[in-house]
Amino acid sequence: MGIGEDIKRDHDEFRRTLPKMEKTSEKDVDLRKELLPHFERILYAHHVAEEETLFPAMEKKDELKNMALDLTEEHRAMMILLDDLKVSGWDFKFWRNRLRPFREIIVVHWRKEEELIIPHISAYFSQAEIDELSMGFDAVRKREINAK
């Protein structure tokens, strides 16, 4: 699997889990306690993998540098919002409402990666570079998932 497929695979998992979290109520404490930590662990591993492999490679390309910096800041914003959600309490009445800004950021983020980067990755990187990025992404992602 290449880096584009790896990134999309994670995005698909996020797309499956996020609606489940959005449908919970303050009575679904156990479900929230199950879904959010899993979601956050995978998301964190995904972010670290991108930030240690793909984004530094993008920053070396003038036409991709700003995109890489924007994507990194979007990662930061997502994690701040999830941290806020965790400290709100599992039975917090507005828990689902606090997910809305997160969803807005992540949907834009997915579009950038899936429409602006992944389909055009071979225009910016050689196949050898793509293969190296893919191996690096996978290794970092696995390392981070196992570390949590």
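The values are calculated or read from the model by the stated rules, or taken from the named source; none is laboratory data. All values derive from a computational prediction rather than experimental measurement. Glycine also receives a Cβ, built like all others from the backbone with ideal geometry; neighbour counts cover every protein chain displayed. Side chains included, ligands, DNA and RNA excluded: accessible areas come from the protein's heavy atoms. Shrake-Rupley method; radii C 1.70, N 1.55, O 1.52, S 1.80 Å.
Quick notes
- When restricted to residues that are at pLDDT 95 or above, hydrophobic (A, V, I, L, M, F, W, C) and either open to solvent by less than 60 Å² (accessible area, probe 1.4 Å) or more than 24 Å from Lys8 (Cα to Cα) (or both), the range 83-110 contains 5.
One line per residue, one yes/no per condition, for (1) in contact with a His (Cβ under 7 Å, 6 or more places away or on another chain); (2) under 30 Å from Lys23 (Cβ atoms); (3) open to solvent by less than 20 Å² (accessible area, probe 1.4 Å); (4) of a type outside the set (A, V, I, L, M):
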{"site": "Glu52", "(1), (2), (3), (4)": "no, no, no, yes"}
{"site": "Leu69", "(1), (2), (3), (4)": "no, no, no, no"}
{"site": "Lys112", "(1), (2), (3), (4)": "no, yes, no, yes"}
{"site": "Glu144", "(1), (2), (3), (4)": "no, yes, no, yes"}
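- Conditions (1) more than 18 Å from Ala77 (Cβ to Cβ); (2) part of a helix (DSSP H, G or I); (3) open to solvent by less than 70 Å² (accessible area, probe 1.4 Å): number failed by Thr24: (2)
- Failed item, numbered, when Glu59 is tested on (1) under 22 Å from Ser126 (Cβ atoms); (2) surrounded by 18 or more Cβ atoms within 10 Å (Cβ to Cβ): (2)
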